[in-house]
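A quick write-up on the structure given underneath.
Each reported figure results from applying straightforward, stated rules to the coordinates on display, with no laboratory input. In this text, all values refer to a predicted model and were calculated from it rather than measured experimentally. Cβ: placed from backbone, ideal geometry, glycine included. Neighbour counts: every protein chain shown.
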Amino acid sequence: MTDRRILLRRIPDGTPRPEDFEVAEAPPGPPLGPGQVRVRAEWLSLDPYVRALLSGRHFLRMPQPGEVLPAKAVARVVESRHATWRTGDRLVLETGLQSSAVSDAADAWRLHPGHVPASTALGILGMPGMTAYFGLLDVGQVRAGEVVLVSSAAGPVGSMVGQIAMLKGARAIGIAGSAEKCDWVRRVARFEACIDYRREDVDARLRELAPDGVHVFFDNTGGDLQHTVIGRRHLALGARVVLCGLVTQYNLKEAPPGPNLGVLMASRAKILPMVVYDYEHRREEFLREALAWHGAGRLAFKEDIVEGLEAAPAHFCRLMRGENFGKSLIRL
């Protein structure tokens, strides 16, 4: 039996194209060493931060041509020489974009029975959900009655941020890139409002929806939206800007100039970075609350699924063009 994997053919120039990657076949890996497992992927995650890795501006290592693209997976152990994991166990771990992998499972955690469907372990009940949870509650320090503004509100992080905000008694306003996405954010994820930045005047709409400013701006995009929210004085006194993602920059060769941050002085606002890896030791804390919300039907989520590893390059390119709707996943 051969394995399939997605290799980086060349560093993308601007927005990635399918020909920047290749589907390769390889024989199964070598025999396991002590402390290793062999896993077969069931679900693979596509994430925008991978494009940041390919730009060389991420703090994690930059992949090189010929290497397997990074990706987290829901995978089943098919062979084990590990003290903890046994054949048949289902884990969430870094495997790369490939059908099978050998790992020391140092980053692995067990799939919980509450992960229904299992793909939620890569979305609202996985890294994106943890990012939203700790980014809003620990970094953003949201309080009941506050206004939370979320960019990329239809994505797995953004949609979770708004729903957690409402569960904690705050108001949630989203920003998304189409009428369809905004409709889902309002009707299904139950945000108070959602602004279509492609068709609406974000500045004017924010003055209508939050005339006294927003208390937490959870920013997943950077770029013009960030300039509008900060530069046009939409931050309330003592506001917190949670800097989570800069997806508008990932396809650029050079980082663009930032906004004039002098306006932060008037609002006494803070810009606070969010890095989810800092909270790995608190995963169980997140899962206890998030699994209870999910089990009670209080969390909506949207998935953008394609079948088969060979579909991954085109699906990743769609993600980086902003054409995805929900969490981008590969089902094997």
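What the phi angles of segment 317-328 give under the Karplus curve with 6.51, -1.76 and 1.60, with θ = phi - 60°, is a coupling list of 5, 4, 4, 7, 8, x, 9, 6, 9, x, 5, 7 Hz, glycine and proline written as x. Each distinct pair of alpha carbons in the chain adds a 1/r term; the inverse of their mean, the Kirkwood radius, is 20.5 Å. From its DSSP helices (H runs of at least four residues, each -39,500 (n - 2.57)), the chain gives a residue-normalised ellipticity at 222 nm of -7000 deg cm²/dmol. For segment 44-123, the calculated P(r), taken from all Cα-Cα distances in 5 Å bins from zero up to the bin holding the longest distance, is 3, 14, 23, 22, 18, 11, 7, 1 percent. 3J(HN,Hα) along segment 178-183, derived from phi through the Karplus expression 6.51 cos²θ - 1.76 cosθ + 1.60 where θ = phi - 60°, amounts to 6, 4, 5, 5, 5, 4 Hz, with x in place of Gly and Pro.
Size check on segment 92-185: the Cα extents along the three principal axes, sorted descending, read 47, 30, 22 Å. Rounded to whole numbers, the Karplus 3J(HN,Hα) couplings from phi for segment 131-137 are 4, 5, 4, 6, x, 7, 7 Hz, using 6.51 cos²θ - 1.76 cosθ + 1.60 with θ = phi - 60°, and x at Gly and Pro.
Calculated on the alpha-carbon coordinates, the convex hull of segment 127-277 measures out at 104 cubic angstrom per residue.
Short to long, the 10 Å bins of the Cα pair-distance histogram for segment 22-85 hold 17, 38, 35, 10 percent of all pairs.
Take 276-288, 207-219 and order them by the average number of nearby Cβ atoms within 10 Å per residue, most first; the result is 207-219, 276-288. For the chain, the relative contact order is 18 percent, taking Cα pairs closer than 8 Å that sit 6 or more residues apart in sequence and dividing their mean separation by the residue count.
Measuring spread by the Cα atoms of segment 20-160 yields a radius of gyration and Dmax of 17.3, 57 Å. Coordinate range of the alpha-carbon atoms in segment 200-295 per principal axis, descending: 39, 37, 28 Å.
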